[in-house]
Amino acid sequence: MASLSGQVALVTGASTGIGRHLVEGLAARGMAVAGVARTEDRLRTAMAEVAEATGARTLAVAADVTGRASVEAAVAEVVAELGQVDLLVNNAGLIDEFEVPVWEADADQWWEVVSSHIRGAQLTIRALVPWMVLRNRGRVVNIASGMSTRANPDYSAYSVAKTGLLRLTESLATALEGSDVRAFDVAPGVVDTPMTRSMHMWQGFTDWTPPERVVELVAAIAAGELDQWSGRFLRAGADDLEDLRAVPPEGAARQLRLRPHGDTDPLG
């Protein structure tokens, strides 16, 4: 297991599910890890458990990632306690409350889902990336989804949000070209979490992606081993790390693009 000793990570949505696995996996590799989530008691318990299990420095910061003042205060606390952040993982996000077509969705809850992913990521990026650029060091991971690349009629808000994250990541990576700050989309696959089990589409599913595969991929990014894939979509449990390390992407591989309808398509 590669050491990431001396680095600082900030993981949103850290109290449960994939975020909780990432916190523990990164801490086990020597990182000081700040976890951010809205539910303070559960977050503090999770971060204390990680500290006890790994011996790493952890910090629990209760915050709403969709609130600008909340994010700025959280980041200030993390930097004051742990130092400048080397790895930002935008994992926080909601799912559609009801599995219905978009015209039947509650409008407020629909936008709350989109905001939790898009506004949450933009605010943390806004608060942290300028300092990464000044230090010329940092990695940003936006937790994507298979629904980033295909529509789902019952989870329209989640699909829209995750697709938006793809474009946000590519925009960020393009703006960072020439620096040693990189941005990535990481789809975790189908990890056995409370959120996944609440989704009708995964009822009866058993071929879960081991959370360790997600941690390994994010850790390799933090170590600077996959820099050639900045601005692109990676999938834990399907992508082979050795292949990713060895084979650089070509053209627009793993990026969000229209498919031309033929050789004469003017938009091809």
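Read the figures in this text as sums done on the coordinates, not as results from a lab. These figures come from a predicted structure and were not determined experimentally. FYI the Cβ positions are ideal-geometry reconstructions off the backbone, even for glycines, and counts take in every protein chain you see.
One table, with the values for the structure above:
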| quantity | calculated |
| --- | --- |
| Kyte-Doolittle at least 0.5, axis length at least 20 Å by Cα - qualifying DSSP helices, the chain | 68-82 |
| Burial order of peptide ranges 255-262, 176-183 (average beta-carbon count within 10 Å, highest first) | 176-183, 255-262 |
| Cα shape, region 105-181, gyration tensor, a/c 1.5 rule | prolate |
| For the chain, built as a Gaussian network whose Cα springs stay under 10 Å, the top-fluctuating residue of 201, 132, 31 | 201 |
| Centre separation in Å (Cα based) which lies between region 107-162 and region 210-268 | 17 Å |
| The chain, relative contact order in percent, only Cα pairs under 8 angstrom and at least six apart counted | 16 percent |
| Cα shape, region 8-246, gyration tensor, a/c 1.5 rule | rounded |
| Shape call, region 141-224: gyration tensor on alpha carbons, a/c limit 1.5 | oblate |
